[in-house]
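The values are calculated or read from the model by the stated rules, or taken from the named source; none is laboratory data. It should be emphasised that the depicted structure is a prediction, and the values quoted were computed from it without experimental measurement. Cβ sites come from the backbone with ideal geometry, for glycine too, and all protein chains shown count toward neighbours.
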Amino acid sequence: MSKRSYWMLLAVALLVIVPLLKGGEFGGADGAAAALVEQTEGFATWFDPIWTPPSGEIESMFFSLQAALGALVVGYAIGRAHERSRSKDLKDGDTPPRA
Amino acid sequence: MHIMEGYLPAAHALGWTIAAAPFVVAGTARIRAIIRERPEARLTLAASGAFAFVLSALKIPSVTGSCSHPTGTGLGAIVFGPSVMAVLGLIVLLFQALLLAHGGITTLGANTFSMAIVGPWVAFGIWKLAGKLGMPFAVAVFLAASLGDLATYVFTSLQLAFAYPDPVSGFFGAALKFGGIFAITQVPLSIAEGLLTVVVMEALSGKIRDEDRVSTLAGEGK
C-alpha cells in the first residue's frame with residue numbers, strides 16, 4: 001500500500017472519531033427524515049415491511065453479514081491483484097521470487 | 001438515504017419504480033456485455049458491487065450528531081460507467097429491504113433512483129470532467145466518489161420534498177428541511193467515501209502508474 005493510502009485511511013479514521021468525541025445522540029438520519037414525514041397531516045404508511053428483524057441483535061447480525069460478505073470479495077480481489085502484479089514482476093525482470 | 005417502506009405515496013412509489021426500470025435493464029445488458037467481452041474485468045465488477053455492499057452497511061457518526069452511511073457506488077461508476085451500478089446498487093437495496101427492513105419494496109424504485117442511478121451518474125460525470133481538466137487520478141476519484149455520495153442524499157431530500165411539500169414554504173422549504181437532515185450529515189461521510197474509494201482502487205489495481213489504474217481495472221489494460 002502506498003504512503004498516500006495510509007494518510008487517507010488515517011483521515012477516514014479521524015472523520016469517524018471526531019464526531020464521536022464531539023458527542024451526540026447518533027440516531028439514524030433515515031429515521032429523522034421519517035419522523036419529519038410523519039408530521040405531515042393525515043400521513044399513514046400504506047405498506048409494512050414484509051419481514052422485520054425481531055431485535056436489534058438480529059438486525060446488527062445482518063448488517064455485519066452484509067459488510068463481511070462485501071469485505072470478503074473486495075479482499076479477494078485485492079489479493080488477486082497483488083498476486084498478478086507479483087507474477088508480472090517476475091516475468092519482466094527475471095528476479096528470483098522473494099521469500 | 002433509505003426512504004422507509006410505505007413512506008412514499010403510492011403514485012410516487014410507482015413513478016420512481018417506472019423511472020428506475022430502464023436504467024436497471026440497460027445496466028443488466030451492460031454487465032452481460034462486460035462479462036462476455038472482458039472476462040478479466042469480472043473480478044473488478046464483483047468488487048464494485050462488494051464495495052457498495054460494505055460501505056452501505058456501515059452507519060457512521062457525523063458532526064451533526066446523527067448517523068448515516070456511505071453508498072460505495074462511485075467506484076464501479078468510475079471503472080465501468082454508471083449503468084452497471086443501477087443493478088449492483090439495486091441488489092444492495094434489495095438485501096437491506098428484505099433482511100433488514102431498511103428501505104422497502106414500495107420505495108425500492110425511489111431508493112434505487114437516488115443511490116444506484118443519480119449517485120453513479122454524478123460520480124461518472126465528475127470523473128470525466130476532472131479528466132478533461134487534467135486533474136490527477138487520486139483527486140479525480142476522490143471528487144467523483146464523494147460528490148456522487150452527496151448527490152444521492154441531496155436527491156433523496158428532493159424526492160421527499162416532492163412527496164411532502166411544506167404546507168407553508170412548499171417544495172423548497174421541505175427540500176431545505178430534508179436536506180438539513182440528510183445532506184449536512186453526509187458531508188463528512190462523503191469525504192470518507194471519497195478517500196476510501198481512492199485507497200481501494202489503488203489496492204485493487206496493484207503497483208502500477210496512476211494513469212493505468214482505471215483501464216487495468218476495467219480489463220482494458222495491455
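Quick check: is even one residue across segment A:78-92 closer than 22 Å to B:Gln96 by Cβ, out of contact with any Lys or Arg (no Cβ under 9 Å at 6 or more places or on another chain) and facing chain B (nearest Cβ under 9 Å)? No; the residues of segment A:78-92 include none that is closer than 22 Å to B:Gln96 by Cβ, out of contact with any Lys or Arg (no Cβ under 9 Å at 6 or more places or on another chain) and facing chain B (nearest Cβ under 9 Å).
Of all residues in segment B:84-129, those satisfying the criterion of being surrounded by fewer than 19 Cβ atoms within 10 Å (Cβ to Cβ) and more than 30 Å from A:Trp46 (Cβ to Cβ) are B:Gly125, B:Lys128, B:Leu129.
Selection within segment A:52-76: residues that are at the interface with chain B (Cβ under 7 Å from one of its Cβ atoms) and not in a helix (DSSP H, G or I). The member of this set that is nearest to the chain's Cα centre (by Cα) is A:Pro53. Step by step: first the residues of segment A:77-87, then only those that are over 18 Å from the mean Cα position of the chain (by Cα) and not polar (S, T, N, Q), then the one that is surrounded by the most Cβ atoms within 10 Å (Cβ to Cβ). Which residue is that? Among them, the one singled out is A:Ala81. Pairs are defined by a Cβ separation below 7 Å, a sequence spacing of at least 6 or placement on different chains, a first member in segment B:153-165 that is facing chain A (nearest Cβ under 10 Å), and a second member that is at pLDDT below 95 and assigned to a loop (DSSP other than H, G, I, E, B); the pairs so defined are B:Tyr153/B:Met1; B:Thr156/B:Met1; B:Tyr164/A:Thr40. Taking each residue of segment A:1-24 that is at the interface with chain B (Cβ under 9 Å from one of its Cβ atoms) and looking for partners that are of a type in the set (Val, Ile, Thr) and surrounded by 12 or more Cβ atoms within 10 Å (Cβ to Cβ) with beta-carbon atoms closer than 7 Å, six or more apart or interchain, yields A:Ser5/B:Val199; A:Met8/B:Val198; A:Met8/B:Val199; A:Leu9/B:Val199; A:Leu15/B:Ile191; A:Val16/B:Ile60; A:Pro19/B:Val63; A:Lys22/B:Val63.
Counting the residues of segment B:189-217 that are over 14 Å from B:Leu150 (Cβ atoms), at the interface with chain A (Cβ under 9 Å from one of its Cβ atoms) and in contact with an Asp or Glu (Cβ under 8 Å, 6 or more places away or on another chain) gives 1. Of all the listed residues (B:Gly65, B:Gly49, B:Gly72), the sole one being among the small types (Gly, Ala, Ser) and under 17 Å from B:Ala144 (Cβ atoms) is B:Gly72. Please state which of the following conditions B:Arg30 fails to meet, knowing it meets all the rest: (1) touching a helix residue (DSSP H, G or I) at 6+ places or on another chain (Cβ under 7 Å); (2) among the basic types (Lys, Arg); (3) within 14 Å of another protein chain (Cβ to nearest Cβ); (4) within 21 Å of B:Gly119 (Cβ to Cβ). Only one criterion in (1) touching a helix residue (DSSP H, G or I) at 6+ places or on another chain (Cβ under 7 Å); (2) among the basic types (Lys, Arg); (3) within 14 Å of another protein chain (Cβ to nearest Cβ); (4) within 21 Å of B:Gly119 (Cβ to Cβ) is unmet by B:Arg30, namely (3). Among the residues making up segment B:57-70, those that are more than 7 Å from every other protein chain (Cβ to nearest Cβ) and touching a Leu at 6+ places or on another chain (Cβ under 8 Å) are B:His69, B:Pro70.
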